[in-house]
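Undergrad: First, the structure itself, so that you have it in front of you.
FYI, it's all coordinate maths here, none of it is from the lab. Small disclaimer: the values here were computed from a predicted structure and weren't measured. Note: ideal-geometry Cβ built from the backbone for every residue, glycine included; neighbour counts use all protein chains shown.
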Amino acid sequence: MRRIYHLGKTLLAALAMMLPATAWAAGEKATNIVVVADTRRVTGILKYFSNLYNTDVVMSAIWSVVLTVAIGCFLGFLMDFIMERTGLDLKSRKIIEH
Amino acid sequence: MDAAWLYMYMPIAGVKIFWPGLVLIGYSVGVIGGFFGMGGAWMVTPGLNILGFPMAFAIGTDIAHIAGKSMISTIRHSKFGNVDYKLGLIMVLGTMAGIEIGAQMIMWLERLGQVGPVVRWVYVGFLMLIAIMVFSDYAKARQKKKMGAEAGEKGVEGFTWYKTLHKINIPPMMHFKTSGIYCSMWLPISVSFLTGILAGFLGIGGGLLRMPALIYFIGTPTHVAVGTDLFEVMISGLYGAFTYTLKGRIELVAVFVMLTGAAIGAQIGTVATKYAKGYGIRLAFGTAVLCCMISIILKQFKYETPAAVLILSTIGLICIYIMTIMFKGAANELREKKEREAMAARA
């Protein structure tokens, strides 16, 4: 199991290196310095994730994606629940171009 | 009064950020992105930079936020039937391959030391082309309408390039029910591949290019183009979130704070599409593209402050425009609903 995890991590890291590093770089190019999270000024869950970022960056990247999806879905469905109570018809619309 | 509680420490970027500013950025981009069907990196990145994020962090944080925000908007658009998932998934293939080639071209230019100016001017050129295309399409449609042209399924249209492209008969032919089009599978793949190359080359998400491409070259109705594009932005945004965390350029705390604002903004922007006419969305989009182009030109000539002012005022004005559409439309709908119910009760 551990070997599979490490193999997966290596493959993901290799993929990220090979695929476009510049695909989103609209602004200035990022410098090649290693950025370390300052864990002295944070507590609780923030400290946990900052530590994780410092020690296992691949796991931290996976968590970034998972948490973004989870929070996106949670907020999306929560707002959907609230909007449905406004009385507006949110399931149909007419497509009018002019 | 101590205002320290209004500032939040970002452990990776190592800076203290005014968090209500993050909520406001998230909200504005939620409104605009939900209405136009794009990520809106051109709005978020300068905003984050002004709040105090170093540029590299602004780009990475922006990408993860865009993924989450597009997810919220896609959920809402999906309920309206504005997302053509089949078309979106096929286009993802072309987009990913295209982005890879575009990025390779950037690396080649980087080796020549020409990357900065070339990319900026190509970007300006394409934004100008998009703005010209949108405005002349509108002018042509109006002219046709005045001359009494017969309205098709989508009303009187200006440019109908997609009709010519639909005649390409290379199998497999596919029916995209939500968009109401029947064409060769290779058409959306080619269009997304080309817009992907450009997105990779320009270093943007691509919503700005894909939205008009979906309308003019593939023939999707404006509302479906908005929803389908957001679905694609969501997928590419998640990929971006992964790679940028590996590079240590994402501040996840800021992403989540921005998403709280985006959740409300995205509802307003998305629901506003219900009350807006397709050409209204196109014209507002053209105006946004034009302002974005001018701000890049200003940046190129080192007028950083006027560029930021222009972008921020564009965001503010477009937000007000969209919110007006949404609230007016919603108020009308609720009034009509009440009247109907009152009439039914009387009967």
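Undergrad: If I take all pairs of Cα atoms in the stretch B:4-339, what percentage of them are more than 28 Å from each other?
TA: Numbers: 22809 of 56280 pairs.
Counting every Cα pair in the stretch B:4-339, those more than 28 Å apart make up 41 percent.
Undergrad: Between the stretch B:262-299 and the stretch B:1-55, what's the alpha-carbon centroid distance in Å?
TA: Centre-to-centre (Cα) distance: 19 Å.
Undergrad: Also: Can you give the Rg to Rh ratio of the protein assembly as shown, both from alpha-carbon atoms, with Rh computed by the Kirkwood formula? Kindly include the intermediate steps, with their values, before the conclusion.
TA: Values: Rg = 22.2 Å, Rh = 22.6 Å.
Reported Rg/Rh (Cα atoms, Kirkwood Rh): 0.98.
Undergrad: Using a Förster distance of 45 angstrom, determine the FRET efficiency expected from the C-beta separation of B:M173 and B:L334, and round it to 0.05. Don't skip to the end; give the middle numbers.
TA: On the way: r = 44 Å, r/R0 = 0.97.
Once the sixth-power term is evaluated, E becomes 0.55.
Undergrad: For each of B:F36, B:F327, count neighbouring Cβ atoms within 10 Å of the residue's Cβ, then give the residues from fewest to most. Don't jump to the answer; show the numbers that get you there.
TA: Working: B:F36 27, B:F327 14.
Neighbour counts put them in this order, fewest first: B:F327, B:F36.
Undergrad: Still on this structure: What ³J(HN,Hα) values, in whole Hz, does the Karplus curve 6.51 cos²θ - 1.76 cosθ + 1.60 give for the stretch B:79-91 when θ = phi - 60°, with x put for Gly and Pro?
TA: 5, 7, x, 8, 10, 9, 4, 4, 5, x, 5, 5, 5
Undergrad: Quick one: compute the contact order of the stretch B:4-339, relative version, from alpha carbon pairs under 8 angstrom and 6+ residues apart, as a percent.
TA: On the way: 558 pairs, mean separation 116.1, N = 336.
Reported as a whole number, the value is 35 percent.
Undergrad: Would you please give the residues with an amide H less than 5 Å from that of B:V15, counting only those at least 5 places away or on a separate chain, with H modeled from the backbone geometry?
TA: B:M10
Undergrad: If you don't mind, there's one more thing I want to ask. Convex hull volume of the Cα atoms in the stretch B:278-347, per residue, in Å³?
TA: Details: hull volume 3.7 nm³, N = 70.
Taking the convex hull of the Cα positions in the stretch B:278-347, it is 53 Å³ per residue.
Undergrad: Check B:M174: other-chain or 5+ apart residues with amide H under 5 Å from its amide H, H built from backbone geometry?
TA: B:C183, B:S184, B:M185
Undergrad: Convert each backbone phi in the stretch B:58-75 into a coupling constant with the Karplus relation 6.51 cos²θ - 1.76 cosθ + 1.60 (shift: θ = phi - 60°), then list the ³J(HN,Hα) values in order as whole Hz, x for Gly and Pro.
TA: For the stretch B:58-75, the Karplus curve yields 4, 5, x, 4, 4, 5, 5, 5, 4, 4, x, 5, 5, 5, 4, 5, 5, 4 Hz.
Undergrad: For the stretch A:59-70, just list the computed ³J(HN,Hα) in residue order, Karplus coefficients 6.51, -1.76 and 1.60, θ = phi - 60°, integers in Hz, with x standing in for Gly and Pro.
TA: 4, 5, 5, 4, 4, 4, 5, 4, 5, 4, 4, 4
Undergrad: Could you give the dipole magnitude of the protein assembly as shown about its Cα centre, charging the beta-carbon of Lys and Arg +1 and that of Asp and Glu -1, in debye to the nearest 20?
TA: On the way: 41 positive and 24 negative charges, 115 e Å.
With only Lys, Arg, Asp and Glu charged at Cβ, the dipole is about 560 debye.
Undergrad: Would you list which lysines come within 30 Å of B:K79, measuring only between C-alpha atoms, while excluding same-chain residues fewer than 8 positions from it?
TA: A:K91, A:K94, B:K69, B:K154, B:K163, B:K177, B:K274, B:K277, B:K328, B:K337, B:K338
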